[in-house]
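Enquirer: What follows is a structure written as structure tokens; I'll ask about it next.
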Amino acid sequence: MKNKVVIGKKELGLEEFVNVCRFGAEVSIADEAIERIDKSRQTVKDFVDEGKIVYGVTTGFGKFSEVCVTKEQSRLMQRNLIVSHAVGSGDFFGTDVVRGTMLLRINNLCIGYSGVRYKVVETMVDMLNKGVHPLIPEKGSLGASGDLAPLAHMVLPMLGLGKAEYGGEILDGAKAMKRADIETIELVAKEGLALINGTQVMTAVGALTVYDSMKLADAADLSAALTFEAQHGILAVLDPRIHELRPHEGQMESAANISRMLEGSECTMHQGEGKIQDAYSLRCTPQVHGASRDAIGFVRNKIEIEMNSVTDNPIIFPETSEGISGGNFHGQPVALAFDFLAIALSELADISERRLERMVNPALNGLPAFLVEEGGVNSGFMIVQYSAAALVSENKVLSHPASVDSIPSSGNQEDHVSMGTIGARKAMEILKNARRVIAMEMMCSCQAIDLGCGKKLGLATGRAYNMIREKVKKLTHDREMYDDINNLEQLLISKELNKISDDFCGGVKND
């Protein structure tokens, strides 16, 4: 999936973004973007030469916006901005998030309203293409004025400071740049502010999470289809006529997906054959999965707008020679979306755990207790459900919205903040928990099929069953199962199971 991605010619798409972040696609800058960068840079140069009062160019920052600085002080001020703001905490972001952050910052600068030199953009492109990845701590952003602290850590190696990963080693920033044969830079007027004032960290985390969420929604439909067979579910609930009468797009898509995956199955039932209704966790799967699908689609739209927006401050307008200080750095538009995404992902896990519970609980099905034939001596899948329950309960705590919080900073100049980066990080953590719960459901459904079906599976579910059984064998006696769960989780991460959704459902409506 490696192709060159040209920045500045058209809007950056989510697939291109992931291609650079995770698959190392080479980045280049379009000629028209270079022209825009040069024009906005000349405007900033004119401001400095004329001594025009423009926030962050000829003045200090935040509460110091009323302090004017000389042309000679400007370079030191830009450097000091970076070193003073690099105060992040916690573990470091993964390489894909770091690459995404750099790519989005490049894209932001290439729109041509930031006033940096092309050399700054070129340096970041070289770092991406040669694999110099700054170490960026996860914590320390309030989400306004954007992601100041983490973005400052991103900039440090460009100045020969901080630390970066290169060639599998953690190095001082200067050494990493030297080994990659990339010159460090000295910032001039406006450039420090243009590099750290914006929403690129939260957007990178959110974009990767929403991309993985779309894939997880397909995997959740496949997992539910396997459970339909494990529980001899009633097919009538998937009848398109039901869903057309309540035409939410996600609901109709989820019902159609599960129905196609079950084509050819002899393990499901028609209404009235042996039971009249299934429990809500099965009967209402299209409605619940569909609502999450619609939420994920909404968040994707917000993310793609943000990916291609100018979010720094001040914004430079070369056409009118103005530098206007506004609030595009404020993360609220995506902060609310990230909280919505967290809830949507939590619900995929919630209903998955309930389907899992019905398979292991002998009071709710005709299967051996906890899906093991010699119960008592063996505990079977008893604690798999226990672990899944712990994850969904943790998700409920993590789903508390970050965006309803705010705390003043910078001498009360920045008196309302978004907490968008915290929201994005929480959504990513919930995604990981949800993916593991769905892996557990798949493992239980295959065990239940082995114990209680004995008939032909659907074309898609049969393929999924065989793929899962290559990784996880039927449980006959208790064994260490964490490796089984890990293997299935990796199968979901690798997107191998998603190929089944793509083949049977055209499952790339989300892509």
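Each reported figure results from applying straightforward, stated rules to the coordinates on display, with no laboratory input. Keep in mind that what you see is a predicted model, and the values were worked out from it rather than measured. Note: ideal-geometry Cβ built from the backbone for every residue, glycine included; neighbour counts use all protein chains shown.
Enquirer: Using 0.36 nm per residue of separation minus the Cα-Cα distance, give me the extension gain between V87 and I276 in nm, one decimal.
Expert: 62.0 nm
Enquirer: Give the peptides 290-303, 316-329, 425-438 in descending order of average Cβ contacts within 10 Å, highest first.
Expert: Sorting 290-303, 316-329, 425-438 by mean packing, highest first, produces 425-438, 290-303, 316-329.
Enquirer: While we're here: State to the nearest 20 debye the size of the charge dipole of the chain about its Cα centre, where the only charges are +1 on K and R beta carbons and -1 on D and E beta carbons.
Expert: Here the size comes out at about 320 debye.
Enquirer: Average the reciprocal distances over every distinct pair of alpha-carbons in the stretch 5-198, invert the result, and give the Kirkwood radius in Å.
Expert: After inverting the mean inverse Cα-Cα distance, the result is 16.8 Å.
Enquirer: Continuing with the same structure: Relative to the first principal axis of the alpha-carbon coordinates of the chain, what is the inclination of helix 285-307, with its axis defined by its Cα atoms, in degrees from 0 to 90 and to the nearest 10?
Expert: 10
Enquirer: Ranking request for peptides 344-355, 266-277, 381-392, 444-455: highest mean number of other beta-carbon atoms within 10 Å first, then the rest in descending order.
Expert: The densest-packed peptide leads the list: 344-355, 444-455, 381-392, 266-277.
Enquirer: Continuing with this model, one more query. Please order R283, R479, R105, R260 by the number of other Cβ within 10 Å, starting at the fewest.
Expert: Listing R283, R479, R105, R260 from fewest to most nearby Cβ atoms yields R479, R283, R260, R105.
Enquirer: Another question about this same structure. Out of M124, F340, L457, whose Cα points farthest toward the positive end of the dipole of the chain (charges: +1 Lys, Arg; -1 Asp, Glu; placed on Cβ)?
Expert: It is M124, whose Cα lies furthest towards the positive end.
Enquirer: Provide C68, C21 in ascending order of the number of other Cβ atoms located within 10 Å of each residue's Cβ, fewest first.
Expert: Ascending number of Cβ neighbours within 10 Å: C68, C21.
Enquirer: Oh, and also: Near P150, within a Cβ-to-Cβ distance under 13 Å, what is the net charge of the other residues, with Lys and Arg +1 and Asp and Glu -1?
Expert: Overall, the nearby charge balance is 0.
Enquirer: Sorted from fewest to most neighbouring beta carbons within 10 Å, what does the list D339, D415 look like?
Expert: Least to most surrounded, the residues fall as D415, D339.
Enquirer: How much length is gained if the chain between D181 and L245 is pulled fully straight, taking 0.36 nm per residue apart and subtracting their Cα-Cα distance, in nm to one decimal?
Expert: Extra length available between D181 and L245 comes to 16.8 nm.
Enquirer: OK, next. Compare the peptides 151-161, 110-120, 130-140 by average per-residue count of other Cβ atoms within 10 angstrom and give them in order, highest first.
Expert: 151-161, 110-120, 130-140
Enquirer: Using label points projected 7 Å from each Cα along Cα→Cβ, tell me how many nm separate H416 and M269, to one decimal.
Expert: Going from the H416 label point to the M269 one covers 5.5 nm.
Enquirer: Can I ask one more? Output the pairs from K39/K163; K39/K175; K139/K471; K139/K163; K9/K130; K119/K302 with a Cα-Cα distance over 28 Å in this structure; if there are none, say none.
Expert: Violating the 28 Å limit, Cα to Cα: K39/K163; K39/K175; K139/K471; K119/K302.
Enquirer: Per the helix-only calculation at 222 nm, which mean residue ellipticity applies to the chain, given -39500 (n - 2.57) for every DSSP H run of n ≥ 4 and division by its residues, nearest 500 deg cm²/dmol?
Expert: It lands at -18000 deg cm²/dmol.
Enquirer: Can you grab the distance from the C-alpha centre of the stretch 262-308 to the C-alpha centre of the stretch 428-482, Å, no decimals?
Expert: The distance from the Cα centre of the stretch 262-308 to that of the stretch 428-482 comes to 19 Å.
Enquirer: Considering Cα pairs under 8 angstrom that are at least six residues apart, work out the relative contact order of the stretch 5-198 and quote it in whole percent.
Expert: Worked out over the stretch 5-198, it gives 25 percent.
Enquirer: Round to the nearest 10 and give me the degree value, 0 to 90, for the angle of helix 382-398's Cα axis relative to the longest principal axis of the chain.
Expert: That helix lies at roughly 30 degrees to the long axis.
Enquirer: Over the chain, what relative contact order in percent results from Cα pairs under 8 Å that are six or more residues apart?
Expert: Across the chain, relative contact order equals 17 percent.
Enquirer: To the nearest 10 degrees, how steeply does helix 332-360 sit against the main Cα axis of the chain, on a 0 to 90 scale?
Expert: 20
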